[in-house]
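The values are calculated or read from the model by the stated rules, or taken from the named source; none is laboratory data. Predicted model, so just to flag it, every value in this text is computed and none were measured. Cβ sites come from the backbone with ideal geometry, for glycine too, and all protein chains shown count toward neighbours. All accessible areas refer to the heavy atoms of the entire protein, side chains included, with ligands and DNA or RNA removed. Shrake-Rupley method; radii C 1.70, N 1.55, O 1.52, S 1.80 Å.
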Amino acid sequence: MRLRRNLVRTATLVTAVTLPLAFTPPASAATADIPDVLANALSSQVKGKNVKKHLDRFQQIADANGGNRAAGTPGYDASLAYVRDKLRRAGYKVSTTDVEFPVSWEEFSPSVLQQVTPEAKTYANPSDFLTVIDSSGGDVTAQIQVVDAVIPPPPAPNTSTAGCEAADFAGFVPGRIALIQRGTCPFVDKATNAKAAGAAGVIFFNEGQPGRTDPFSFDIREWRFGFPIVFASTAVGLDLADTPGTTVRLKVDAKTTVGQTKNLIADSLWGKKGEVVMAGAHLDSVTEGPGINDNGSGSAALLETALKLAYLPTKNKVRFAFWGAEELGLLGSDQYVAGLSQAERDKIRLYLNFDMVASKNDVTFLYDGDDSDAEGAGAGPAGSAEIEKLFEKFYGKRGLGFKGTDFDGRSDYGAFIAAGIPAGGIFTGAEGIKTAEEAAVFGGTADAPYDPCYHAACDSITNINAAALDRNSRAIGYATAFYAYDLSTIPDRDAASLARSAAATKRAPEDAAR
Ligand SMILES: [Zn+2]
């Protein structure tokens, strides 16, 4: 039955898409219009009612697996199996990549910080210093190296840039313990730079203004540094900094238990290998609920786009990604991009991201690739503005509203733009509150959240806006198909983008401590 049904469906589709393929442009139309014609034809095939069938399945999977589809749970694995089987049957070359995530962090005994030379002295835990949560375990005795500290401390809080720039570590001797003042950038950035410079451990110390002298507990939210990290008082920091050559013993007795999950990657059979159009959505939910809008909606719309696009012999290679562990800190996409060679990264001409596309009280937000809103983060890598324009054209031609949303790095495009890859996408709103102005343009309820069930148990199949799902699924189909045929609007990587790609260091997680 299944085989026969598939054959019938295939035949119908081929007929449907053969029309535009055989389409003869009127004398006045340029051949440049053909990608648009093909993209519109594909777009008309990606229907909300079919996308909804995938959402029904995600809901069933959550129901059968404790109410969620979170990374590392059977609900996620079942979601991945469902998408994988559909894509395989449609003819994609399907693979997975491993994703690690922290499950728990345990400290077995209090950390130790001792000055060994020039003076033997033991600092008090917790009044002089504290373990940084998520620190790796380790027991190191080594010389201190002060990194770009402002001593005496600056009068204004949050002004020291110590350790924020890789250049602060010029001359850092690998194997030493970095002594780094609190200041303008997240602690995780400082530790990342210290790791790159070969540090064997990190001692942070408070910046030194009134109210900013004691140690306090915080989670650095990165478990892979591989060296011990503590946070000390300003007094300890200054004490350690005052004599060049000071040696310390730093010991943290802790361990992170790491879980494993997977990203699902599907490559089209067609298209030039060196010209990859990539589109992704995170497949994991939070543990609180089934995650049908966040992000069943983006996953299902992308899956349906892939199933319909499978029948089109595209000019460029199309790669679909279903990310794991997005909700745990964008881990799937981060680890995927970090695992690519520069040559592989450079083949990815652009990345489209879809994370929540059917919010109940929706606004059609488009990632602000050109920074025309001048809000928050700046423009994306060259080409991001053109992607935003393509979506604007899709909605504009249909008389539908749209609005920019800051490239704030809150979803899986973050690793791509950090690596200089242009990106864009659609987002219909999360916990933010709809303004009266937005309600006037997009309808819905002002002064209420875009998604009333964001990250909650009620993000179920009833938390879907059918009209938004249909509209945005078609836009996803349009943009993916358009770029599958035409990358002429996407410029070659400029110097800035190539530099980002070469650097491609880890980004700081959202709300990172600083
Ligand atoms: Zn999401």
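Roll a 1.4 Å probe over the protein chains and send me the accessible area per residue for the chain in Å².
Ligands and nucleic acids excluded, the result is 40 Å² per residue.
With no solvent and one point on each alpha carbon, what is the Debye value of log10 I(q)/I(0) for segment 410-466 at q = 0.15, 0.18, 0.25, 0.26 Å⁻¹?
-0.60, -0.77, -0.99, -1.02
How compact and how long is segment 46-149, expressed as Rg and Dmax of its alpha-carbon atoms in Å?
Taking only Cα atoms of segment 46-149, I get Rg and Dmax of 25.0, 73 Å.
On the full set of protein chains, 1.4 Å probe, figure out the accessible area of Lys389 and give it in Å² to the nearest 10.
Roll a 1.4 Å probe over it and Lys389 shows about 110 Å².
Take Trp270 and Glu392, extend 7 Å from each Cα along the Cα→Cβ direction, and tell me the distance between the two endpoints in nm.
3.0
So how do Phe402, Phe204 rank on accessible area, 1.4 Å probe, biggest first, that is with the largest at the start?
Phe402, Phe204
Whenever you get a sec, line up Asp56, Asp355, Asp492 from highest to lowest accessible area (probe 1.4 Å, protein heavy atoms).
Asp492, Asp56, Asp355
Only residues of segment 182-223 count here: report those whose backbone N is under 13 Å from the spot 7 Å along Cα→Cβ of Ala124, or say none.
Answer for segment 182-223: 215.
Which value at 222 nm does the chain reach when only helices count, each DSSP H run of 4 or more adding -39,500 (n - 2.57), with the total divided by all residues and rounded to the nearest 500 deg cm²/dmol?
When only DSSP H runs of four or more count, the value is -10000 deg cm²/dmol.
Using a 1.4 Å probe on the protein heavy atoms, what percent of the accessible area of the chain belongs to carbon and sulfur?
Answer for the chain: carbon and sulfur cover 55 percent of the accessible area.
What distance in nm separates the simple spin-label points at Arg514 and Thr489, each placed 7 Å from Cα in the Cβ direction?
Using points 7 Å along Cα→Cβ, the separation is 3.4 nm.
Show which lysines lie in cross-link reach of Lys251 when reach means a straight Cα distance below 18 angstrom and same-chain residues fewer than eight apart are skipped.
Hits, sequence-local ones excluded: Lys121, Lys195.
Would you please report the Å³ per residue occupied by the convex hull of the alpha carbon atoms in the chain?
Taking only Cα atoms, the chain has a hull volume of 154 Å³ per residue.
For a test of the definition: using alpha carbon positions, the gyration tensor, and the 1.5 limit on a/c, classify segment 281-344 as rounded, prolate or oblate.
In terms of gyration-tensor shape, oblate.
Mind listing which GluC sites (Glu not before Pro) in segment 425-480 are in a DSSP loop and have 14 or fewer other Cβ atoms within 10 Å?
Those satisfying the criteria are Glu431.
Could you pull the accessible area for Thr234 with a 1.4 Å probe, rounded to 10 Å²?
Near enough 10 Å² of accessible area.
Using only the heavy atoms of the protein chains and a 1.4 Å probe, how would Val441, Val37, Val357 rank by accessible area, largest first?
Greatest to least solvent exposure: Val441, Val37, Val357.
Among the listed pairs Lys52/Lys397; Lys272/Lys393; Lys308/Lys347; Lys86/Lys262, which have their C-alpha atoms separated by more than 21 angstrom in this model?
Listed pairs above 21 Å: Lys52/Lys397; Lys272/Lys393; Lys308/Lys347.
So, R0 is 41 Å and r is the distance between the beta-carbons of Ala170 and Thr96; what FRET efficiency does that work out to, to 0.05?
E(calc), rounded to 0.05, equals 0.55.
Can you work out the FRET efficiency for the pair Thr117 and Ile433, with r the C-beta to C-beta distance and R0 = 51 Å, to the nearest 0.05?
Once the sixth-power term is evaluated, E becomes 0.35.
What figure, in Å² to the nearest 10, do you get for the accessible area of Ile203 with a 1.4 Å probe and non-protein molecules left out?
0
Please report the orientation-averaged projected area of segment 136-178, defined via the convex hull of its C-alpha atoms, in nm².
Directional mean of the projected Cα hull area for segment 136-178 stands at 4.2 nm².
From the square roots a ≥ b ≥ c of the eigenvalues of the alpha-carbon gyration tensor of segment 291-400, which class results: rounded (a/c under 1.5), prolate (a/b over b/c), or oblate?
Cα axes put segment 291-400 in the rounded bin.
How high is the FRET efficiency between Thr141 and Gln342 when r is their beta carbon distance and R₀ equals 35 Å, given to the nearest 0.05?
According to the calculation, E is roughly 0.40.
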